[in-house]
Amino acid sequence: MCMYETGKSFADYGCMLEIQRIEFLADGRSLVDTKGRHRFRVLRRGHRDGYNTADIEYLEDEKVEGEELAELQHLHECTYQQAQKFCEHGDAALRQILMHRGPLPEKEEDIQATKDGPAWCWWLISILPLDPSEQLRLFATTSLRARLTQLKHILTGILQRCDYGHQPADLRPRGRI
């Protein structure tokens, strides 16, 4: 599956989906529940029998070691804590999303155990109020450090806006400065 990208029939990056459940409706439509399994990059585009096709290569996050890994683990911990705060203090719309999507997944002990990094990052990207181009940029990166840094920046912005909206009335700016 690839999302639509302006100027192209589909984006340069996508996700191989695993079908979890299919429900066939009386009118011929289907409800298909899927789970993302592997990110990929489109190498070549094509058409067959009226459908878009592509030759792809799977993506894998770059592995790090030593001091760089220790720094990455610290960034992972800080970003996960922000994600928890975001989920705990969300508005009614976020609570509705969480009812449908479930809670923030548990944090993995080994952040480099899978080719795509921690699952909670992908869950978070799917629920954050992001422009599709921003989601695609996060999706395409093979640097867990870059992905976590960007998520931390996004969460910081959202949490600051949320805090601003809850200031006591006497601290809010009034009139013109």
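The values are calculated or read from the model by the stated rules, or taken from the named source; none is laboratory data. Predicted model, so just to flag it, every value in this text is computed and none were measured. Reconstructed Cβ throughout: ideal geometry from the backbone, glycine too, with neighbour counts over all protein chains shown. The protein model used for the area step is the full one, side chains on, heavy atoms only, and it has no ligands, DNA or RNA in it. Shrake-Rupley method; radii C 1.70, N 1.55, O 1.52, S 1.80 Å.
Looking at L98, is it surrounded by 13 or more Cβ atoms within 10 Å (Cβ to Cβ), more than 16 Å from the chain's Cα centre (by Cα) and in the same structural domain as Q160 (by the TED database)?
It is false that L98 is surrounded by 13 or more Cβ atoms within 10 Å (Cβ to Cβ), more than 16 Å from the chain's Cα centre (by Cα) and in the same structural domain as Q160 (by the TED database).
For (1) of a type outside the set (A, V, I, L, M, F, W, C); (2) more than 19 Å from L94 (Cα to Cα); (3) at pLDDT below 90; (4) open to solvent by less than 70 Å² (accessible area, probe 1.4 Å), each residue gets a yes or a no:
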position	(1), (2), (3), (4)
C121	no, no, no, yes
S143	yes, yes, no, yes
L155	no, no, no, yes
Q160	yes, no, yes, no
Y164	yes, no, yes, no
R174	yes, yes, yes, no
I177	no, yes, yes, no
Worksheet, complete the sentence: Picked from the range 50-81 (must be of a type outside the set (D, E, K, R), in a helix (DSSP H, G or I) and without any contact (Cβ under 8 Å) to a residue 60 or more places away in the chain), the residue most open to solvent (accessible area, probe 1.4 Å) is H74
Worksheet item: Which of the residues spanning the range 18-49 are under 18 Å from E60 (Cα atoms) and surrounded by 14 or more Cβ atoms within 10 Å (Cβ to Cβ)?
Response: G36, H38, R39, F40, R41, V42
Worksheet entry | Of all residues making up the range 28-78, the number that are of a type in the set (A, V, I, L, M) and under 16 Å from A146 (Cα atoms) | 6
